[in-house]
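Student: After the C-alpha coordinates below, expect a handful of questions from me.
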Amino acid sequence: MSWLALALTPGVGPARFLKVFEAGEEGLERVGELLGAELERAYRRTLAAGEAERAKERAAASGVRPVGLWEADYPPTLRHLADPPPLVYLKGGWSGGRPAVAVVGSRKAQPWALDFSERLARTLAEAGVAVVSGLARGVDTAAHKGALAGGGPTLAVLGSGVDVVYPPENAELAARLTLMSELPLGRGPSAGSFPRRNRLIAALADAVVIVQAPEKSGALITAALAAELGREVLAVPGRPSDWASRGSNRLLADGAGVAQDPDDVLEALGMAPAAPGADRPKPDGAAGALWEALRRRGEALPDDLALDLNLGAAEVLGLLTRLELSGHVRALPGGRYEAVG
(Lines give C-alpha, C1' and ligand atoms only; values in the text may rest on other atoms or scores of the structure.)
Protein backbone atom coordinates (compact mmCIF):
# COMPACT_ATOMS: atom_id res chain seq x y z
CA MET A 1 0.00 0.00 0.00
CA SER A 2 1.29 3.47 -0.84
CA TRP A 3 0.02 7.01 -0.31
CA LEU A 4 2.23 8.15 -3.17
CA ALA A 5 0.69 5.62 -5.52
CA LEU A 6 -2.78 6.81 -4.51
CA ALA A 7 -1.77 10.43 -5.12
CA LEU A 8 -0.57 9.47 -8.60
CA THR A 9 -3.67 7.46 -9.49
CA PRO A 10 -5.63 8.98 -12.40
CA GLY A 11 -8.97 10.30 -11.21
CA VAL A 12 -7.90 10.75 -7.59
CA GLY A 13 -7.76 14.50 -7.02
CA PRO A 14 -7.41 16.43 -3.77
CA ALA A 15 -10.98 15.84 -2.52
CA ARG A 16 -10.94 12.09 -3.14
CA PHE A 17 -7.44 11.69 -1.76
CA LEU A 18 -8.44 13.59 1.37
CA LYS A 19 -11.43 11.32 1.89
CA VAL A 20 -9.12 8.31 2.03
CA PHE A 21 -6.40 10.13 3.97
CA GLU A 22 -8.79 11.17 6.73
CA ALA A 23 -9.54 7.49 7.32
CA GLY A 24 -5.92 6.98 8.40
CA GLU A 25 -3.62 4.14 7.35
CA GLU A 26 -6.53 1.76 7.06
CA GLY A 27 -7.96 4.02 4.37
CA LEU A 28 -5.51 2.51 1.87
CA GLU A 29 -7.18 -0.85 2.53
CA ARG A 30 -10.63 0.67 1.97
CA VAL A 31 -10.11 2.55 -1.31
CA GLY A 32 -12.90 0.58 -2.97
CA GLU A 33 -15.32 1.27 -0.14
CA LEU A 34 -14.45 4.97 0.00
CA LEU A 35 -13.97 5.80 -3.69
CA GLY A 36 -15.67 3.03 -5.60
CA ALA A 37 -14.53 -0.08 -7.46
CA GLU A 38 -13.31 1.75 -10.59
CA LEU A 39 -10.88 3.95 -8.70
CA GLU A 40 -9.75 1.03 -6.59
CA ARG A 41 -8.80 -0.83 -9.80
CA ALA A 42 -6.97 2.27 -11.05
CA TYR A 43 -5.08 2.47 -7.74
CA ARG A 44 -4.12 -1.22 -7.94
CA ARG A 45 -2.84 -0.73 -11.49
CA THR A 46 -0.75 2.27 -10.37
CA LEU A 47 0.73 0.15 -7.56
CA ALA A 48 1.48 -2.79 -9.81
CA ALA A 49 3.12 -0.61 -12.48
CA GLY A 50 5.57 0.86 -9.96
CA GLU A 51 4.49 4.41 -10.75
CA ALA A 52 5.47 5.67 -7.30
CA GLU A 53 9.07 4.46 -7.62
CA ARG A 54 9.39 5.86 -11.14
CA ALA A 55 8.03 9.24 -10.03
CA LYS A 56 10.58 9.45 -7.21
CA GLU A 57 13.43 8.49 -9.54
CA ARG A 58 12.41 11.03 -12.16
CA ALA A 59 12.08 13.77 -9.57
CA ALA A 60 15.47 12.99 -8.04
CA ALA A 61 17.09 13.14 -11.48
CA SER A 62 15.70 16.69 -11.89
CA GLY A 63 16.70 17.85 -8.42
CA VAL A 64 13.06 17.85 -7.33
CA ARG A 65 11.59 16.54 -4.09
CA PRO A 66 8.00 15.26 -4.01
CA VAL A 67 6.43 16.00 -0.61
CA GLY A 68 3.17 14.30 0.29
CA LEU A 69 0.35 15.28 2.64
CA TRP A 70 1.24 12.22 4.71
CA GLU A 71 4.79 13.46 5.38
CA ALA A 72 5.96 15.58 8.33
CA ASP A 73 7.70 18.17 6.13
CA TYR A 74 4.62 18.90 4.02
CA PRO A 75 4.11 22.71 4.08
CA PRO A 76 1.93 23.12 7.19
CA THR A 77 -0.12 26.09 5.96
CA LEU A 78 -1.30 24.10 2.93
CA ARG A 79 -3.10 21.81 5.37
CA HIS A 80 -5.45 24.75 6.09
CA LEU A 81 -6.96 24.39 2.61
CA ALA A 82 -10.27 22.61 2.13
CA ASP A 83 -8.60 20.73 -0.74
CA PRO A 84 -4.88 20.49 0.06
CA PRO A 85 -2.85 19.01 -2.81
CA PRO A 86 -1.97 15.40 -2.03
CA LEU A 87 1.50 16.01 -3.38
CA VAL A 88 3.65 19.07 -4.07
CA TYR A 89 6.88 19.09 -6.02
CA LEU A 90 9.62 21.25 -4.53
CA LYS A 91 12.79 22.38 -6.28
CA GLY A 92 15.15 24.15 -3.89
CA GLY A 93 15.05 24.64 -0.15
CA TRP A 94 11.91 25.82 1.56
CA SER A 95 11.63 25.08 5.25
CA GLY A 96 9.15 27.76 6.23
CA GLY A 97 9.38 28.86 9.84
CA ARG A 98 9.47 32.59 9.08
CA PRO A 99 6.79 35.16 8.17
CA ALA A 100 5.81 35.05 4.51
CA VAL A 101 4.17 37.65 2.28
CA ALA A 102 2.71 37.07 -1.17
CA VAL A 103 3.30 39.97 -3.56
CA VAL A 104 1.11 39.65 -6.66
CA GLY A 105 -0.49 41.82 -9.30
CA SER A 106 -0.91 42.56 -12.96
CA ARG A 107 1.13 40.86 -15.68
CA LYS A 108 0.97 44.19 -17.54
CA ALA A 109 1.95 46.30 -14.56
CA GLN A 110 2.90 49.91 -15.09
CA PRO A 111 6.44 51.09 -14.27
CA TRP A 112 5.50 52.54 -10.88
CA ALA A 113 3.94 49.21 -9.86
CA LEU A 114 7.01 47.24 -10.92
CA ASP A 115 9.25 49.63 -8.99
CA PHE A 116 7.04 49.42 -5.89
CA SER A 117 6.91 45.61 -6.06
CA GLU A 118 10.66 45.29 -6.28
CA ARG A 119 11.34 47.77 -3.48
CA LEU A 120 8.67 46.21 -1.25
CA ALA A 121 10.01 42.69 -1.73
CA ARG A 122 13.57 43.83 -1.13
CA THR A 123 12.67 45.56 2.13
CA LEU A 124 10.65 42.56 3.31
CA ALA A 125 13.54 40.22 2.53
CA GLU A 126 15.95 42.46 4.41
CA ALA A 127 13.57 42.27 7.40
CA GLY A 128 13.66 38.46 7.34
CA VAL A 129 10.33 37.94 5.58
CA ALA A 130 9.99 35.30 2.86
CA VAL A 131 8.40 36.51 -0.39
CA VAL A 132 5.95 34.29 -2.29
CA SER A 133 4.71 34.94 -5.82
CA GLY A 134 3.89 33.16 -9.06
CA LEU A 135 6.79 33.91 -11.47
CA ALA A 136 4.38 35.56 -13.92
CA ARG A 137 5.35 38.56 -15.98
CA GLY A 138 4.96 41.95 -14.34
CA VAL A 139 4.53 42.27 -10.58
CA ASP A 140 5.48 38.65 -9.79
CA THR A 141 8.79 38.93 -11.61
CA ALA A 142 9.60 42.24 -9.93
CA ALA A 143 8.80 40.77 -6.50
CA HIS A 144 11.10 37.79 -6.96
CA LYS A 145 13.92 40.04 -8.17
CA GLY A 146 13.47 42.37 -5.21
CA ALA A 147 13.54 39.51 -2.71
CA LEU A 148 16.75 38.18 -4.23
CA ALA A 149 18.30 41.65 -4.02
CA GLY A 150 17.34 41.76 -0.35
CA GLY A 151 19.07 38.46 0.32
CA GLY A 152 15.93 36.67 1.45
CA PRO A 153 14.23 33.45 0.39
CA THR A 154 11.60 33.69 -2.33
CA LEU A 155 9.23 30.98 -3.49
CA ALA A 156 7.61 30.80 -6.92
CA VAL A 157 4.44 28.72 -7.07
CA LEU A 158 3.93 27.60 -10.66
CA GLY A 159 0.92 26.78 -12.80
CA SER A 160 3.03 24.14 -14.54
CA GLY A 161 5.43 21.42 -13.49
CA VAL A 162 8.51 22.78 -11.75
CA ASP A 163 10.60 21.63 -14.71
CA VAL A 164 8.49 23.63 -17.19
CA VAL A 165 9.18 27.30 -16.51
CA TYR A 166 6.53 29.72 -17.70
CA PRO A 167 6.95 32.32 -19.03
CA PRO A 168 10.10 30.97 -20.71
CA GLU A 169 11.95 34.29 -20.48
CA ASN A 170 12.02 33.79 -16.70
CA ALA A 171 14.10 30.61 -16.91
CA GLU A 172 17.25 32.32 -15.64
CA LEU A 173 15.35 33.93 -12.78
CA ALA A 174 13.65 30.64 -11.90
CA ALA A 175 17.05 28.96 -11.53
CA ARG A 176 17.72 31.28 -8.55
CA LEU A 177 14.39 30.64 -6.79
CA THR A 178 12.70 27.87 -4.88
CA LEU A 179 9.95 26.44 -7.07
CA MET A 180 6.77 24.64 -6.02
CA SER A 181 3.89 23.08 -7.91
CA GLU A 182 1.18 20.53 -7.34
CA LEU A 183 1.37 19.56 -11.03
CA PRO A 184 3.54 16.62 -12.08
CA LEU A 185 6.85 17.01 -13.86
CA GLY A 186 6.52 17.69 -17.56
CA ARG A 187 3.06 19.29 -17.26
CA GLY A 188 2.76 22.54 -19.17
CA PRO A 189 0.64 25.53 -18.12
CA SER A 190 -3.08 25.69 -18.85
CA ALA A 191 -5.81 28.25 -18.20
CA GLY A 192 -7.27 26.19 -15.37
CA SER A 193 -4.00 25.61 -13.57
CA PHE A 194 -3.41 29.23 -12.58
CA PRO A 195 -6.50 29.77 -10.37
CA ARG A 196 -5.60 26.54 -8.53
CA ARG A 197 -2.00 27.74 -8.23
CA ASN A 198 -3.33 30.95 -6.64
CA ARG A 199 -4.91 29.07 -3.75
CA LEU A 200 -1.47 27.71 -2.83
CA ILE A 201 0.04 31.21 -2.90
CA ALA A 202 -2.72 32.44 -0.58
CA ALA A 203 -2.25 29.54 1.83
CA LEU A 204 1.54 29.80 1.98
CA ALA A 205 1.51 33.49 2.95
CA ASP A 206 0.66 35.23 6.21
CA ALA A 207 -0.34 38.30 4.22
CA VAL A 208 -1.09 39.03 0.57
CA VAL A 209 -0.27 42.37 -1.07
CA ILE A 210 -1.99 43.28 -4.32
CA VAL A 211 0.18 45.89 -6.01
CA GLN A 212 -1.85 46.61 -9.14
CA ALA A 213 -4.79 44.67 -10.52
CA PRO A 214 -7.56 45.42 -13.02
CA GLU A 215 -11.13 44.36 -12.31
CA LYS A 216 -10.66 40.88 -13.77
CA SER A 217 -7.37 39.62 -12.44
CA GLY A 218 -5.91 36.42 -11.05
CA ALA A 219 -4.46 38.53 -8.25
CA LEU A 220 -8.00 39.24 -7.05
CA ILE A 221 -8.66 35.51 -6.91
CA THR A 222 -5.60 35.18 -4.69
CA ALA A 223 -6.89 38.01 -2.48
CA ALA A 224 -10.33 36.39 -2.12
CA LEU A 225 -8.80 33.01 -1.24
CA ALA A 226 -6.48 34.66 1.28
CA ALA A 227 -9.41 36.41 2.96
CA GLU A 228 -11.27 33.08 3.21
CA LEU A 229 -8.22 31.57 4.91
CA GLY A 230 -8.03 34.44 7.40
CA ARG A 231 -4.87 35.94 5.94
CA GLU A 232 -4.17 39.67 5.94
CA VAL A 233 -5.04 41.26 2.57
CA LEU A 234 -3.51 44.62 1.61
CA ALA A 235 -3.61 46.62 -1.60
CA VAL A 236 -1.58 49.47 -3.04
CA PRO A 237 -3.72 52.50 -3.95
CA GLY A 238 -3.81 53.48 -7.60
CA ARG A 239 -5.20 56.52 -9.42
CA PRO A 240 -9.01 56.44 -9.53
CA SER A 241 -8.94 56.91 -13.32
CA ASP A 242 -6.45 54.09 -13.87
CA TRP A 243 -8.19 51.00 -15.30
CA ALA A 244 -5.22 48.85 -14.31
CA SER A 245 -5.81 49.68 -10.63
CA ARG A 246 -9.58 49.32 -10.51
CA GLY A 247 -9.43 45.87 -8.95
CA SER A 248 -6.95 46.81 -6.26
CA ASN A 249 -8.82 50.06 -5.54
CA ARG A 250 -12.00 48.03 -5.17
CA LEU A 251 -10.28 45.84 -2.58
CA LEU A 252 -9.47 48.99 -0.60
CA ALA A 253 -13.08 50.15 -0.83
CA ASP A 254 -14.17 46.75 0.47
CA GLY A 255 -11.93 46.99 3.53
CA ALA A 256 -8.49 45.66 2.53
CA GLY A 257 -5.52 47.15 4.35
CA VAL A 258 -3.62 49.98 2.69
CA ALA A 259 -0.04 49.24 1.62
CA GLN A 260 1.63 52.56 0.88
CA ASP A 261 5.09 51.43 1.94
CA PRO A 262 6.84 48.35 3.39
CA ASP A 263 6.19 49.49 6.97
CA ASP A 264 2.43 49.01 6.38
CA VAL A 265 3.07 45.38 5.48
CA LEU A 266 5.46 44.77 8.37
CA GLU A 267 2.88 46.26 10.73
CA ALA A 268 0.23 43.88 9.36
CA LEU A 269 2.58 41.03 10.25
CA GLY A 270 3.05 42.39 13.76
CA MET A 271 6.67 43.27 13.05
CA ALA A 272 8.39 46.52 13.95
CA PRO A 273 9.42 48.69 10.99
CA ALA A 274 13.03 48.20 10.04
CA ALA A 275 15.53 50.98 10.56
CA PRO A 276 16.82 51.38 7.01
CA GLY A 277 20.57 51.45 6.73
CA ALA A 278 21.12 51.18 10.49
CA ASP A 279 23.54 48.28 10.08
CA ARG A 280 25.33 49.72 7.03
CA PRO A 281 28.36 52.00 7.17
CA LYS A 282 27.87 55.42 5.62
CA PRO A 283 29.32 55.71 2.12
CA ASP A 284 32.42 57.86 1.75
CA GLY A 285 34.19 59.75 -1.02
CA ALA A 286 32.19 60.85 -4.04
CA ALA A 287 29.48 58.31 -3.24
CA GLY A 288 29.16 59.74 0.26
CA ALA A 289 28.88 63.29 -1.05
CA LEU A 290 26.16 62.26 -3.49
CA TRP A 291 24.27 60.38 -0.74
CA GLU A 292 24.39 63.42 1.55
CA ALA A 293 23.18 65.67 -1.27
CA LEU A 294 20.28 63.33 -1.92
CA ARG A 295 19.41 63.25 1.79
CA ARG A 296 19.22 67.04 1.80
CA ARG A 297 17.01 67.15 -1.31
CA GLY A 298 14.74 64.28 -0.26
CA GLU A 299 14.56 63.03 -3.84
CA ALA A 300 16.11 64.20 -7.09
CA LEU A 301 16.87 63.44 -10.71
CA PRO A 302 20.45 62.43 -11.63
CA ASP A 303 20.84 65.69 -13.58
CA ASP A 304 20.01 67.71 -10.43
CA LEU A 305 22.68 65.84 -8.48
CA ALA A 306 25.22 66.32 -11.26
CA LEU A 307 24.68 70.09 -11.03
CA ASP A 308 24.84 70.05 -7.21
CA LEU A 309 28.15 68.20 -7.16
CA ASN A 310 29.67 69.47 -10.40
CA LEU A 311 29.97 65.91 -11.72
CA GLY A 312 29.32 64.39 -15.12
CA ALA A 313 26.00 62.64 -15.74
CA ALA A 314 27.71 59.28 -16.40
CA GLU A 315 29.64 59.49 -13.12
CA VAL A 316 26.49 60.31 -11.16
CA LEU A 317 24.63 57.37 -12.70
CA GLY A 318 27.53 55.07 -11.83
CA LEU A 319 27.55 56.29 -8.23
CA LEU A 320 23.76 55.91 -7.97
CA THR A 321 24.01 52.32 -9.19
CA ARG A 322 26.70 51.60 -6.61
CA LEU A 323 24.63 53.17 -3.83
CA GLU A 324 21.50 51.33 -4.92
CA LEU A 325 23.31 48.00 -4.77
CA SER A 326 24.59 48.81 -1.27
CA GLY A 327 21.08 49.77 -0.16
CA HIS A 328 21.81 53.46 0.42
CA VAL A 329 19.49 54.81 -2.29
CA ARG A 330 16.40 53.55 -4.06
CA ALA A 331 15.02 54.35 -7.49
CA LEU A 332 11.62 56.01 -7.75
CA PRO A 333 9.16 56.31 -10.64
CA GLY A 334 10.05 58.93 -13.21
CA GLY A 335 13.79 58.37 -12.97
CA ARG A 336 14.12 60.03 -9.55
CA TYR A 337 16.10 58.70 -6.59
CA GLU A 338 15.83 59.00 -2.82
CA ALA A 339 18.29 58.32 -0.01
CA VAL A 340 17.78 55.40 2.37
CA GLY A 341 18.83 55.98 5.97
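The values are calculated or read from the model by the stated rules, or taken from the named source; none is laboratory data. None of these values were measured; they are calculated from a predicted model. We place every Cβ from the backbone using ideal geometry, glycine too, and count neighbours over all the protein chains shown. Side chains are part of the model used for accessible areas, which takes the heavy atoms of the whole protein and leaves out ligands, DNA and RNA. Shrake-Rupley method; radii C 1.70, N 1.55, O 1.52, S 1.80 Å.
Student: Just want the answer: with Cβ charges of +1 for Lys and Arg and -1 for Asp and Glu, which residue in S326, A136, L47 is farthest toward the dipole's positive end in the chain?
Tutor: L47
Student: So how strong a dipole does the stretch 160-216 carry about its Cα centre when Lys and Arg Cβ are +1 and Asp and Glu Cβ are -1, to the nearest 20 debye? Present the calculation step by step, with values, prior to reporting the outcome.
Tutor: On the way: 6 positive and 6 negative charges, 37 e Å.
Result for the stretch 160-216 is approximately 180 debye, rounded to the nearest 20.
Student: Something else about it: Over the chain, what relative contact order in percent results from Cα pairs under 8 Å that are six or more residues apart?
Tutor: Working: 644 pairs, mean separation 40.1, N = 341.
It rounds to 12 percent for the chain.
Student: Okay, next question. Given the Cα-Cα distance of R45 and D83 and 0.36 nm per residue of separation, how much length would full extension add, in nm?
Tutor: Values: separation 38, 0.36 × 38 = 13.68 nm, distance 2.47 nm.
Result: 11.2 nm gained on full extension.
Student: Then there is this: So what is the accessible area of the stretch 82-227 per residue, in Å², with the probe set to 1.4 Å?
Tutor: 34 Å²
Student: Additional query: So in the chain, what percent of DSSP beta bridges are antiparallel if you round to the nearest 5?
Tutor: 40 percent
Student: Also, I was wondering about something else. Taking 25 Å as R0, compute the FRET efficiency from the Cβ-Cβ separation of W243 and R196 and round it to 0.05.
Tutor: 0.40
Student: While we're on this one: Please tell me the relative contact order of the stretch 220-341 in percent, rounded to the nearest whole number, where contacts are Cα pairs under 8 Å and at least six residues apart.
Tutor: This gives 18 percent for the stretch 220-341.
Student: Residues of the stretch 121-158 with backbone nitrogen within less than 19 Å of a virtual label 7 Å along the Cα-to-Cβ line of E324, please, listed as ranges.
Tutor: Counting backbone N atoms under 19 Å from the label point, the list is 121-126, 138-152.
Student: Using a Förster distance of 51 angstrom, determine the FRET efficiency expected from the C-beta separation of A37 and A224, and round it to 0.05. The partial results should precede the final answer.
Tutor: Numbers: r = 38 Å, r/R0 = 0.74.
FRET efficiency, A37 to A224: 0.85.
Student: Further question: Hey, what do the phi angles of the stretch 242-249 turn into as Karplus ³J(HN,Hα) couplings, whole Hz, using 6.51/-1.76/1.60 and θ = phi - 60°, x for Gly and Pro?
Tutor: 8, 4, 6, 10, 5, x, 5, 5
Student: A further question follows. Students often check this: by mean Cβ neighbours within 10 Å, which of 238-245, 137-144 ranks highest, and how do the rest follow?
Tutor: Ranked by mean Cβ neighbours within 10 Å, highest first: 137-144, 238-245.
Student: Report, to the nearest 10°, how far helix 218-228 tilts away from the longest principal axis of the Cα atoms in the chain, using its own Cα long axis and a range of 0 to 90°.
Tutor: On a 0 to 90 degree scale, this one is about 70.
Student: List the residues whose amide H sits under 5 Å from the amide H of R187, counting only those 5 or more places along or on another chain, with H placed 1.01 Å from N in the peptide plane.
Tutor: Amide H neighbours of R187: G161.
Student: With a Förster radius of 35 Å, plug the Cβ-Cβ distance of R54 and E267 into 1/(1 + (r/R0)^6) and report the FRET value to the nearest 0.05.
Tutor: 0.10
Student: Using a 1.4 Å probe over the heavy atoms of the protein chains, calculate the carbon and sulfur portion of the accessible area of the chain as a whole percent.
Tutor: Numbers: 8090 of 15730 Å².
On the chain, the fraction of accessible area on carbon and sulfur atoms equals 51 percent.
Student: For E26 and E338, calculate 0.36 nm times their separation in residues minus their Cα-Cα distance, and state this gained length in nm to one decimal.
Tutor: Result: 106.1 nm gained on full extension.
Student: Rounded to the nearest 500, what is the 222 nm mean residue ellipticity of the chain from helices alone, with -39500 (n - 2.57) per DSSP H run of 4+ residues and division by all residues?
Tutor: -12000 deg cm²/dmol
Student: Here is a further query. Over the stretch 203-247, what is the relative contact order in whole percent, taking alpha-carbon pairs under 8 Å and six or more residues apart?
Tutor: With pairs under 8 Å counted, the relative contact order is 50 percent.
Student: A further question follows. Which distance in nm do the two modelled labels at R137 and L307 give, with both placed 7 Å along the Cα-to-Cβ direction?
Tutor: Result: 3.8 nm between the two label points.
Student: Place a point 7 Å from Cα of A15 in the direction of its Cβ. Which residues in the stretch 79-99 have their backbone N less than 19 Å from it?
Tutor: Of the residues in the stretch 79-99, 79-87 have backbone N under 19 Å from the label point off A15.
Student: Mind checking the angle between helix 193-204 and the chain's longest principal axis? C-alpha axes, 0 to 90 degrees, to the nearest 10.
Tutor: Compared with the principal axis, the helix lies near 70 degrees.
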